[in-house]
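J.: My questions will all concern the structure given below.
The values are calculated or read from the model by the stated rules, or taken from the named source; none is laboratory data. The structure presented is a predicted model; accordingly, all values stated were derived computationally and were not measured. Neighbour counts run over all protein chains shown; Cβ positions are idealised from the backbone, glycine included. Just the protein is used for accessible areas: all its heavy atoms, side chains included, with ligands, DNA and RNA removed. Shrake-Rupley method; radii C 1.70, N 1.55, O 1.52, S 1.80 Å.
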Amino acid sequence: MKVAVLGTGGGARAHIAKLVELGHEVHVGTRDPQATLARTEPDMMGTPPFKQFLADHPGIELHTFGDAAAASDGLVINGIDGHNAVAALSAIADRLAGKTLIDYAVPYIYNPDIERPWPTPWGVNPILDPCDSDSLGEQIQRALPRTKVVKAFVTQEQATVVDPQAIGGGDHTMFVAGEDDDTKQQVTDLLKEYGWTDVLDLGSLIAARAMEMYAHMHGAIGIALGFGTHFGIKVVR
Ligand SMILES: NC(=O)c1ccc[n+]([C@@H]2O[C@H](COP(=O)([O-])OP(=O)(O)OC[C@H]3O[C@@H](n4cnc5c(N)ncnc54)[C@H](OP(=O)(O)O)[C@@H]3O)[C@@H](O)[C@H]2O)c1
């Protein structure tokens, strides 16, 4: 497949590397390819410059977000940071028309004026917006009526998403949600390629609210286990 990955952050890189390993043609989107390649410092999360990642993963093509989406033959993964995703995707709506968009972004807002006290090492936690009565996945679907949006990946660690066997022998659960069954099957097929055996369809995209709100629970479990401890979640039934 020709798959587009929109984003150059840590989550996007996990998908890019795995898709290349699986033999897919990967087109990566960024705001400004020249600016991205000119970066020499790690980002605020300590992620190394993308140019270094490209050198370690030859054969990947870097484009603008729109050109990457247009190069896909059907599947696009959204790895644009949650706060900016709707605006960035709306701007390339024509080039996403008719395609499947897998969204894994968390609508976190990092802002010291509204972050809430939380027992993280840095003492606060970002807020989720939208939350409870709407979700980023639904906002993206409303902004892109000609694109079929599936929410997935977001409840597992980014390294685990592309390598479920890395913990618990792979015996844990991945969720998908969206309006179209064929599209969710397309995403499930990709997840099987990644190695997932337990994919639970949560139904319509309204379930994206629950998947995104799990971000706080994911953080709480991570704090309880100690940062750096890898874990997944399993629905036992
Ligand atoms: N397991 C999971 O599903 C999982 C794991 C980790 C994170 N997440 C969530 O997934 C999303 C992406 O995470 P990530 O770590 O891969 O990347 P990230 O660092 O959160 O975001 C990086 C991407 O966002 C783009 N971006 C930043 N500001 C922008 C703006 N103003 N307009 C347009 N684009 C902008 C950047 O563009 P440039 O390339 O131009 O710099 C870059 O491609 C986040 O919401 C994160 O919380 C999910």
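J.: Enumerate the calculated ³J(HN,Hα) couplings along the range 143-160 in order (Karplus 6.51 cos²θ - 1.76 cosθ + 1.60, θ = phi - 60°), each rounded to whole Hz, writing x wherever the residue is Gly or Pro.
T.: Taking θ as phi minus 60°, the curve returns 6, 10, x, 9, 10, 9, 9, 10, 8, 7, 6, 5, 8, 10, 5, 4, 6, 6 Hz for the range 143-160.
J.: List the lysines whose Cα sits under 25 Å from the Cα of K151, skipping any in the same chain fewer than 8 residues away.
T.: List returned: K2, K18, K99, K184, K192, K234.
J.: Using a 1.4 Å probe, what is the accessible area per residue for the range 2-225, in Å²?
T.: Values: 10170 Å² over 224 residues.
Per residue, the range 2-225 has an accessible area of 45 Å².
J.: Let me ask something else. With the full set of protein chains in place, find how many percent of the accessible area of the range 2-225 is carbon and sulfur; take the probe as 1.4 Å.
T.: It is 53 percent, rounded to a whole number.
J.: Then there's this: If you average the sequence gap of Cα pairs under 8 Å that are 6 or more apart and divide by the length of the range 138-205, what percent do you get for the contact order? List each step's numbers first, then the result.
T.: Details: 92 pairs, mean separation 23.9, N = 68.
In percent, rounded to a whole number, it is 35.
J.: Quote the relative contact order of the range 2-225 in percent (integer), defining contacts as alpha-carbon pairs under 8 Å separated by 6+ residues.
T.: Working: 418 pairs, mean separation 38.8, N = 224.
Computed over the range 2-225, the figure is 17 percent.
J.: Return the long-range amide H neighbours of F231 (sequence gap of 5 or more, or a different chain), with a cut-off of under 5 Å between placed amide H atoms.
T.: Under 5 Å from the amide H of F231: no residue qualifies.
J.: Now a separate question. Mind listing the long-range amide H neighbours of D201? Cut-off is under 5 Å, sequence gap 5 or more, other chains count too, H placed in the peptide plane at 1.01 Å from N.
T.: Answer set, sorted by chain and number: V176.
J.: Considering only DSSP beta bridges where both residues belong to the chain, give the percentage that are antiparallel (nearest 5). Walk me through the intermediate numbers first.
T.: Values: 7 of 31 bridges.
Restricted to the chain, the bridges split so that about 25 percent are antiparallel.
J.: If you don't mind, there's one more thing I want to ask. Hey, can you rank 223-230, 166-173 by average C-beta count inside 10 Å, highest first? Intermediate results must be reported in sequence, preceding the final value.
T.: Values: 223-230: 10.1, 166-173: 14.8.
The packing order, highest mean first, is 166-173, 223-230.
J.: Kindly provide the helix-only [θ] at 222 nm of the chain, computed as the sum of -39,500 (n - 2.57) over DSSP H runs of four or more divided by all residues, to the nearest 500 deg cm²/dmol? Mind showing how you got there, number by number?
T.: Details: 10 runs with 86 residues, N = 237.
Computed ellipticity for the chain at 222 nm equals -10000 deg cm²/dmol.
J.: In terms of modelled amide H atoms, which long-range or inter-chain residues lie less than 5 Å from the amide H of D103?
T.: Hits under the 5 Å cutoff: N78, V150, K151, A152.
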